[in-house]
Amino acid sequence: MSQLALPLHLLDHAVFDSFHTAGNDELVSFLLDVTSTRQGPGCFVWGPAASGKTHLLQAVCERTGDQSVYLPLTEFADAGPEILAGLAGRHFVCLDDLNCVIGKPDWELALFELWNQVADNAGILIVSAAAPPKDIGIALADLESRLSRLPVFRSRELDEDNRIKALILRARFRGLDLPDDTATYLLSRSRRDMRSLYQLLDKLDTEALIAKRRLTIPFVRDVLNR
């Protein structure tokens, strides 16, 4: 894992090989290049919930190992900005859901200082948020200016056809055979955001293992109706 003394773990499926890139090809290509060359200032990734931001930040950390640190700010906003101390000691610093702490003067000042520390160390800062730097309500002008210097990418949601392909890819990564018709059935019987669909796939994986069954429509229907 790639954290300091933080009680975190990376999701085992959050790797580049399990990410369906449709609509996000440029972003994924950029991140693969950065993790290969270990050069560049990093980037700012924004987009709606469940559009793959967390997956990609964790994939960066999985690929760079102990050179990186991942911090989900949704989980640590109440801990205070002191949690940022020492993060610049890693070459890759990945901050997820930045918007959760924006608007708080102490956090904004600490983030500004972290940006400077990472830059001074020739490190790489990768940030995710719900909106681009100019639209998330940053009060500290210097912080907005620094974050706006990063290449900005939008993480785009998948359309229905690509949701099916993403589900099949995730199933294959887990060693499961998910037929097209079963994947289509899942989309019609559950919430359609990818986070919910992946959680459902995890449940089906467990149930199929226990029952020693394949992921057929009758089996999935039975699990969903329990």
Residue that is surrounded by the most Cβ atoms within 10 Å (Cβ to Cβ) [pool: residues in region 45-83 that are within 25 Å of T21 (Cα to Cα) and aromatic (F, W, Y)]: Y70
Qualifying helices (runs of 4 or more DSSP H) (wholly inside region 112-191; at least 2 residues being acidic (D, E) and closer than 23 Å to A85 by Cα): 141-148
Matching residues in region 132-150 - criterion: being out of contact with any helix residue (DSSP H, G or I) (no Cβ under 7 Å at 6 or more places or on another chain) and either outside the structural domain of D25 (by TED's automatic domain parsing) or surrounded by 15 or more Cβ atoms within 10 Å (Cβ to Cβ) (or both): P132, L150
Subset of region 191-211, residues free of Cβ contacts under 8 Å to residues at least 60 places away in the same chain and surrounded by 14 or more Cβ atoms within 10 Å (Cβ to Cβ), comes to R192, L197, L200, L201, L204, D205, E207, A208
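Residues A79, A88: which one is out of contact with any His (no Cβ under 7 Å at 6 or more places or on another chain) and at pLDDT 95 or above?
Of A79, A88, the one residue that is out of contact with any His (no Cβ under 7 Å at 6 or more places or on another chain) and at pLDDT 95 or above is A88.
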Selection from region 60-106 of residues that are farther than 13 Å from V127 by Cα, of a type in the set (A, V, I, L, M, F, W, C) and assigned to a helix (DSSP H, G or I): F76, A77, A79, I83, L84, L87, A88
Residue pairs, Cβ under 8 Å, 6 or more apart or interchain, first in region 212-226 and at pLDDT below 95, second small (G, A, S) and in a loop (DSSP other than H, G, I, E, B). List them. L224/S190
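The values are calculated or read from the model by the stated rules, or taken from the named source; none is laboratory data. Bear in mind the structure is a predicted one, so any value in this text is a computation, not a measurement. Quick reminder, even Gly has a Cβ in these numbers, built from the backbone with ideal geometry, and neighbours come from all protein chains shown.
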